[in-house]
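The structure appears below as structure tokens.
Every number in this text was worked out from the coordinates using simple rules, so none of it is lab data. Worth saying up front: this structure is predicted, and the values here are computed from it rather than measured. Here the Cβ is made from the backbone with ideal geometry for all residues, glycine too, and neighbour counts use every protein chain on show.
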Amino acid sequence: MFNKFSDRIYIQPPEHFTDRPNVGLVIGDKYTLMFEAGNSAANVELLKGRLLADSLPQPDFVAVSHWHWDHSFGMHAWDVPTIAGEETNRELLKIAGWKWDDESMDKRVEKGEDIVFCNEMVKREYSDRNDIKVVGADIVFSEKMTLDLGGVECVFIHAKGPHSSDSIICYIPGEKFVFLGDSNGKDLYGQPWHFDIEHEDDFMEETGKIPYDENKVREYLSILDTLDFTYCIGGHADIMTKEELYKSFEI
Ligand SMILES: [Zn+2]
């Protein structure tokens, strides 16, 4: 179910079994935005059902934080305009041509285009990988875009950060809140780390060993410094204060 943060903001918590991230809902007087698209059509159907059950509005727009599959592969299943940053969109259009048989997936891991963890989670989410459909967004922006939902504004900012260079964040000034996506997380694609599905409980320990790129963190924080917010939430974790976010970088 979606948890209430305020009258304007609701959050569906992450579901770790198939790596589904937090999904945010921002409710305006005219329009509603969903931040993150779900990781499959099945996930989208579930989200629609939960909104209905929770008497919350269905989204008029769906935005994604970055290209990683767990945030974006549900995009095709929404019948409303989708939003992505320019760099994210470029990646999605490239991935739209990927094949999902075992051999192709293994090859991408060998070439460093994908990682074992995501392959295992994709296999778990999709009992039939022919159902995977990756599409680009309907609305694409480069550095910053504001969406006025009526009584509440969402400001999308290409904040980059240590996790993935295409990452955008969704800043809601009126609520002093930021959806960070995974932007504050470790770089799971650019740095080597070990994942074995037989020992998936080691995930936190293994990713914990990945160092942050200090320059990327500093550049990221210089953008967050300019934003007036009290609370924020990363892609797969709980709500935290701005102070807790800054302290989390160990630099
Ligand atoms: Zn990610």
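Roughly how many Å is it from the Cα centre of region 1-44 to that of region 171-205, as a whole number? Measuring centre to centre over Cα atoms gives 17 Å. In percent, rounded to a whole number, the relative contact order of region 151-245 is 29, using alpha-carbon pairs under 8 Å and six or more apart. Of the GluC sites (Glu not before Pro) found in region 143-211, those that fall in a DSSP loop while having at most 12 other beta-carbon atoms within 10 Å are GLU143.
For region 127-251, the Kirkwood estimate of hydrodynamic radius, built from reciprocal distances between every pair of different alpha carbons, is 16.2 Å.
Given contacts defined as C-alpha pairs under 8 Å and at least six residues apart, what's the relative contact order of region 55-214, whole-number percent? Relative contact order for region 55-214 comes out at 21 percent.
For region 1-107, dividing the convex hull volume of the Cα atoms by the residue count gives 108 Å³ per residue.
Loop-resident trypsin sites (Lys or Arg not before Pro) (DSSP state other than H, G, I, E or B) in region 5-67 with no more than 16 further Cβ atoms inside 10 Å of their Cβ: LYS30.
DSSP beta bridges fully contained in region 3-246 are about 70 percent antiparallel. Counting other Cβ atoms within 10 Å as a rough exposure proxy, the listed residues MET204, MET75, MET34 run MET204, MET75, MET34 from fewest neighbours to most. Helix content alone sets the calculated 222 nm mean residue ellipticity of the chain: runs of n ≥ 4 DSSP H residues at -39500 (n - 2.57) each, divided across all residues, give -8000 deg cm²/dmol.
If one puts a single equal scatterer on every Cα of the chain and applies the Debye formula without solvent, what log₁₀ I(q)/I(0) results at q = 0.08, 0.15 Å⁻¹? Scattering profile of the chain, log10 relative to I(0): -0.28, -1.07. With the simple spin-label model, which puts each label point 7 Å out from Cα in the Cβ direction, the GLU45 to LYS133 separation comes to 1.3 nm. For the chain, the Cβ-based charge dipole about the Cα centre amounts to some 640 debye (Lys, Arg positive; Asp, Glu negative; other atoms uncharged).
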